[in-house]
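For reference, the structure discussed in these notes is given below.
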Amino acid sequence: MATRAHFVCLTNLYAGSGGDEFPFVFKQRNMGPVVGTRTWGGLVGISMTINLIDGGTVTAPDYRVYNTQGNWVIENEGFTPDYIVDLAPAEVERGYDAQLMKGIELLLKKIKEDPRPWPQHQPIPQDKLEGTKLHN
């Protein structure tokens with residue numbers, strides 16, 4: 001991982017395909033909690049189509065996602081978040097996002113419990129910029 005920051009994943013019922021798999025892998029990798037509503041569960045994929053004479057196509061699902069134990073996962077089930085938080089249309093219309101606010105609440109708590117200090121580094125040498133168009 002490229003950062004030591006704390007993370008929260010937000011998802012909802014409109015997340016499908018990669019939107020189903022992302023929170024699943026996020027949780028599997030212990031990256032943090034998932035907040036929102038269950039995803040819709042559409043991960044079976046199609047890698048080819050058969051063209052028909054009338055311009056239409058025929059497809060058939062030919063791959064799916066398994067967990068590390070070999071079980072078929074997420075399809076027709078979706079991913080269920082750790083914290084179930086739905087979005088109320090009236091609140092969203094007023095600009096309030098309950099999922100985002102829950103995510104922020106969880107992050108602030110985690111930061112308080114496990115602060116991650118800003119990495120120390122050498123000062124950036126400003127003299128390299130002097131005399132350039134970027135400096136003026």
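Just so you know, all these numbers are worked out from the coordinates, no wet-lab data involved. Fair warning: this is a prediction, and the values are worked out from it, not measured in the lab. Cβ atoms come from the backbone with ideal geometry, glycine included; neighbour counts cover every protein chain shown.
The table for this structure:
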{"read-out": "Structure-based [θ]222 nm, the chain - -39500 (n - 2.57) summed over DSSP H runs of at least 4, per residue, nearest 500", "value": "-7000 deg cm²/dmol"}
{"read-out": "Calculated on alpha-carbon atoms, Rg and Dmax of region 1-76 in Å", "value": "16.2, 55"}
{"read-out": "Lys, Arg +1 and Asp, Glu -1 on Cβ, resulting dipole of region 9-128 about Cα centre, debye, nearest 20", "value": "500"}
{"read-out": "Per residue, the convex hull volume that the Cα atoms of region 9-128 enclose (Å³)", "value": "272"}
{"read-out": "Packing-based order for 55-61, 14-20, 38-44, using average beta carbon neighbours within 10 Å, highest first", "value": "38-44, 14-20, 55-61"}
{"read-out": "Dipole axis of region 1-128 (+1 Lys, Arg; -1 Asp, Glu on Cβ), positive-most option in 5, 32, 22", "value": "5"}
{"read-out": "Relative contact order (%) - the chain, alpha-carbon pairs under 8 angstrom, separation at least six", "value": "24"}
{"read-out": "Listed residues 71, 43, 118: farthest to the positive end of the dipole of region 25-136 (Cβ charges)", "value": "118"}
{"read-out": "Lys pairs under 28 Å by Cα in the chain, provided they are eight or more residues apart or on distinct chains", "value": "6"}
